[in-house]
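Undergrad: Encoded as structure tokens, here's the structure I'll be asking about.
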Amino acid sequence: GCHAGNHQPCNGYCRRSHPTITLYFEPPSSTIAIISHPLGPFVEYFRQKASSDDSIIQISPMYCILDGFVREHATTLRADFAPHLVSIAQNALEASDAAHKEYVRQTSVHLQRAQRRFDQLEVVLDICRQHRLGDDLDVFSIHCLRQANRSMGRIAALMMEQKMQAAQIVITPFVDGFEVDGYSVFGRHGDGDTVVRMEHGNSVEYSKRSPIVCQPKMMHSAIDDGGQVDICSNDNKESSNAHPNAIDGVSLMSIAEQKLIEKSTRMHSYRASATGDDGLFGWHCEELSFATLEREWGDIMVHEYVGQRVMIGFRFGTGQVIPLASYYLPPTIPAGFHCVNKPSLRLRCHVTQNQVSQVDEVTMSYRGSVEDIRVDVGFLGLVRAQARWLVDEVEERQRVIQQRRPLLDFEKEYLTEVRRMASAG
């Protein structure tokens, strides 16, 4: 075969003329492959395919009819040979993609029927919701269902409320963190697996304590719109009147529907507490700083102890924990209540004690505990977290699909919505 000057296989840039396979689209759903030269590997390839696959018809050694659309055959042939040996005729891919989309639409008869039967569908969906549909759908699917149309939005709002009641917020304490590549030696008290995270360009090792499950405690008036708007506040009367489903102040929804949507978008509180020496979780560690043994360092001012990190996630039942956020508790955090606000998520943490003391010239001691944690989160916060968890998987799945056929409009819209929610907060 053709080789470049360094005896490597040709990659198409040698400027020589190569035998090629050119693909044409034959309506309604076939591809024609024409070989430019009777090259042995090409002819034998299609001969074997035609003898083993009834969907391939070899009219002549240089002319074959392939069942299926151009994109899929182009992907297969370029993988079996080389990309520069397979070309697509002008406008063939566009025509094939358009026909492929129409073919998929026509075969999805159940989707067309569903669009004509919204009233019946709402009844069916509500019956399914009362049994187990809400359990089968994840929060992002319910988020998409809510946006489909008004009927589905009502069912989705009921599912959202059920999901928030069933959700478990899982707190995983990472304690006694320190820089892996430092000079200090650390002695931890207590059990726990070690985990290493990259933080600000440094490798930090923590002791991972047992997860703490927070159950739902209450629902309050803050709406999860990404900014925690309190619907009971007089300062928000103007914004609450500017309802997206109202024209000139006249609501297009019934009062019952408005209350349903309002209830489903409120923040929910999840709380865990424990008393005792270590409360919910504690930390206790000594740092022996070898850097301070060198004369030029002077004293014990070089500390490589990082502190604690609270990892927050959510799950349903015994399912996988999906990360929500993480919060950092520095070594010198004072005892008391500490609150952190983020879009769609708030944390209140009660640090009952935190003692930092110098034991001797080269040793520091760190000891503290947390006895109460409360997490406020809304449905939108769970949706955003799941979108961040899904985005890589969806992008890879659609990349594979594109090798076989063009993406349909609803697939593109789904990926766009996943990316939008993943980057929202």
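The values are calculated or read from the model by the stated rules, or taken from the named source; none is laboratory data. Nothing here was measured: the structure is a model prediction, and the numbers come from that model. Here the Cβ positions follow ideal geometry from the backbone for every residue, glycine too, while neighbour counts run over all protein chains shown. Side chains are part of the model used for accessible areas, which takes the heavy atoms of the whole protein and leaves out ligands, DNA and RNA. Shrake-Rupley method; radii C 1.70, N 1.55, O 1.52, S 1.80 Å.
Undergrad: Among residues belonging to segment 193-215 that are open to solvent by less than 40 Å² (accessible area, probe 1.4 Å) and under 26 Å from Phe316 (Cα atoms), point out the one that is modelled with the lowest pLDDT.
TA: Out of the qualifying residues, it is Cys214.
Undergrad: Would you check which residues across segment 335-387 are assigned to a strand (DSSP E or B), among the basic types (Lys, Arg) and within 34 Å of the chain's Cα centre (by Cα) and list them?
TA: Within segment 335-387, Lys342, Arg346, Arg348, Arg374 meet the criteria.
Undergrad: Quick check, is Ser184 more than 25 Å from the chain's Cα centre (by Cα) and more than 13 Å from His284 (Cα to Cα)?
TA: For Ser184, the condition - more than 25 Å from the chain's Cα centre (by Cα) and more than 13 Å from His284 (Cα to Cα) - is met.
Undergrad: So, one more: Just one of the numbered conditions (1) part of a helix (DSSP H, G or I); (2) surrounded by 13 or more Cβ atoms within 10 Å (Cβ to Cβ); (3) not charged (D, E, K, R) is not true of Ile32; which one?
TA: Just one mismatch for Ile32, condition (1).
Undergrad: Still on this structure, I have one more. Before we move on, is Gly298 at pLDDT below 90 and under 29 Å from Ala387 (Cα atoms)?
TA: no
Undergrad: Next question, about the same structure. Going residue by residue through segment 387-410, is there one that turns out to be among the aromatic types (Phe, Trp, Tyr), farther than 17 Å from Lys101 by Cα and surrounded by 13 or more Cβ atoms within 10 Å (Cβ to Cβ)?
TA: Looking through segment 387-410, at least one residue is among the aromatic types (Phe, Trp, Tyr), farther than 17 Å from Lys101 by Cα and surrounded by 13 or more Cβ atoms within 10 Å (Cβ to Cβ).
Undergrad: Residues in segment 56-106 that are within 21 Å of Phe42 (Cβ to Cβ), part of a loop (DSSP other than H, G, I, E, B) and open to solvent by 60 Å² or more (accessible area, probe 1.4 Å): how many?
TA: 2
Undergrad: I'm trying to understand the selection: among the residues of segment 147-176, which are among the basic types (Lys, Arg) and either at pLDDT 85 or above or touching a Leu at 6+ places or on another chain (Cβ under 7 Å) (or both)?
TA: Across segment 147-176, the qualifying residues are Arg154, Lys163.
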